[in-house]
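Let me begin by presenting the structure, written as structure tokens, before commenting on it.
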Amino acid sequence: MQRKDRYIIIMAGGRGERFWPVSRERKPKQLITLLGDRSFLQQTVDRVKPVAPLENILIITNAVQAGAVRRQLPELPKRNIIGEPCGRDTCAAVALGAALVGARSGSGVMAVLPADHVIPNEARFRRVLIDSMALAKREPALVTIGIQPHEPATGYGYIQVGNKLAKSLARSLKSTFFTAKKFVEKPNLATAKRYLKSGDYRWNAGMFIWSHETIAAELCRQQPKLFAAAEKWRGIRGLAKLNAALARDYPKLEKISVDYAIMENAQNIVCADGVFGWDDLGSWPALARHLKPDAAGNCAVGDLIQIDSSNNVVFDARTRNRAPIAIVGISDMVVVQTDDATMVAHQPESQKIKQLVARLARHNRFAPLVLLVPPILISSL
């Protein structure tokens, strides 16, 4: 398979709730820097540059964040960064990506990837990705990358896998592929333990690979209205005209994920074995997995002074007047400080940060800490 036939669609929407106060609506998780000196989106693009030409890397974000995305990725052509006018979940983004690829190449193979994952072993990831694209090029398969679980996680959906793909189909490919039996929802702990013990389940990482021809056929069969919209977008030339069409069409689209809209009822799903290390880094406590703890288990980015404190996650995102963050006698907490906000949370309750953000958004005084436009202005638009 030639490199010019590979396309990468990076889904970079999101509202910036789970990593508040560092992430905001104007700068959600994929645009912030938590690990290293590059944002998650920049790291994702860096990761796939060896796989496809820059002109074949496309970003689907939202209209509010498109400008920030372009500033972070000046190497990409302007027309490769498309802002959805409103959120319609992942199937709409997949259809838009298919339209963009179809307008450029009838024989292209596209990988649809999230923008905000942590993948330590990038070489192994690229091997699995390239092999998956090669398989999708020669077979009418919907390929998804499943991550081998190492713990009974309840925060991910799972994929049940069947037999290994026949050697005749996976010939010359170094990665391992399985038939996929079904996609299952996030389980409870007992079920997750059973999945882990069986060895027949993989974490659903939301990574998909297929040819334009294959995904177009599935959209036509299962989501005919969305397929019709995508076919119309495919024929539009020019970013301004495309944005105008999306503004008209998107509000009318059904809000549905690609898992429900396509994968749940598809018959030709193949699961690539993801053996490269992976983390979707879904919360502040998860950051500790990628930081070096002190003797008491505290993980800090910034200057931390502590007395009798253990197993805390401390993150200093201030850009000016940085002084040590001092904690005394606390454990299992998250402490985050920015130039305009401080957030302290008990780690087991960190999922409630979304509720905190929602409450802040309802206050005119505090709404600018989370929203682009305060509610009093929104109501007058």
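The values are calculated or read from the model by the stated rules, or taken from the named source; none is laboratory data. The structure presented is a predicted model; accordingly, all values stated were derived computationally and were not measured. Cβ sites come from the backbone with ideal geometry, for glycine too, and all protein chains shown count toward neighbours.
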Meets criteria (buried (at least 17 other Cβ atoms within 10 Å of the Cβ), β-branched (Val, Ile, Thr), in a strand (DSSP E or B) and in contact with a Pro (Cβ under 7 Å, 6 or more places away or on another chain)) for Val314: no
Hey, Leu135 within 30 Å of Leu242 (Cα to Cα) and either outside the structural domain of Leu196 (by TED's automatic domain parsing) or out of contact with any His (no Cβ under 7 Å at 6 or more places or on another chain) (or both) or not: no
Gly235 at positive phi and in contact with a helix residue (DSSP H, G or I) (Cβ under 8 Å, 6 or more places away or on another chain): no
Filtered residue count, the range 171-191, keeping only those that are closer than 18 Å to Asn204 by Cβ and either of a type outside the set (S, T, N, Q) or touching a Cys at 6+ places or on another chain (Cβ under 8 Å) (or both): 12
Members of the range 79-122 found to be without any contact (Cβ under 8 Å) to a residue 40 or more places away in the chain and in contact with a His (Cβ under 7 Å, 6 or more places away or on another chain), listed by number: none
Test: residue in the range 346-355 that is at pLDDT 95 or above, more than 24 Å from the chain's Cα centre (by Cα), within 20 Å of Thr33 (Cα to Cα) and buried (at least 16 other Cβ atoms within 10 Å of the Cβ): no
Members of the range 1-26 found to be in contact with a helix residue (DSSP H, G or I) (Cβ under 8 Å, 6 or more places away or on another chain), crowded, with 19+ Cβ neighbours inside 10 Å, basic (Lys, Arg) and modelled with pLDDT under 95, listed by number: Arg18, Arg24
Only one of Lys193, Lys186 that is modelled with pLDDT of 95 or more, among the basic types (Lys, Arg) and either closer than 30 Å to Ser283 by Cβ or crowded, with 18+ Cβ neighbours inside 10 Å (or both): Lys193
Any hit, the range 333-344, residues being in the same structural domain as Asn311 (by TED's automatic domain parsing), among the polar types (S, T, N, Q) and assigned to a helix (DSSP H, G or I): no
Among (1) closer than 23 Å to Leu35 by Cβ; (2) in contact with a Ser or Thr (Cβ under 6 Å, 6 or more places away or on another chain) - the single one Ala295 does not satisfy: (2)
Matching helices (runs of 4 or more DSSP H) fully within the range 200-309 where at least 3 residues are over 22 Å from Ile10 (Cβ atoms): 212-222, 224-234, 239-249
Candidates Gly106, Gly67, Gly87 - the one that is surrounded by fewer than 19 Cβ atoms within 10 Å (Cβ to Cβ), over 30 Å from Arg221 (Cα atoms) and among the small types (Gly, Ala, Ser): Gly67
From the options Glu55, Glu84, Glu25, residue that is in the same structural domain as Asp259 (by TED's automatic domain parsing) and in contact with a Gly (Cβ under 6 Å, 6 or more places away or on another chain): Glu25
Some residue of the range 262-272 being out of contact with any strand residue (DSSP E or B) (no Cβ under 8 Å at 6 or more places or on another chain), modelled with pLDDT of 95 or more and assigned by TED's automatic domain parsing to the domain that holds Val118: no
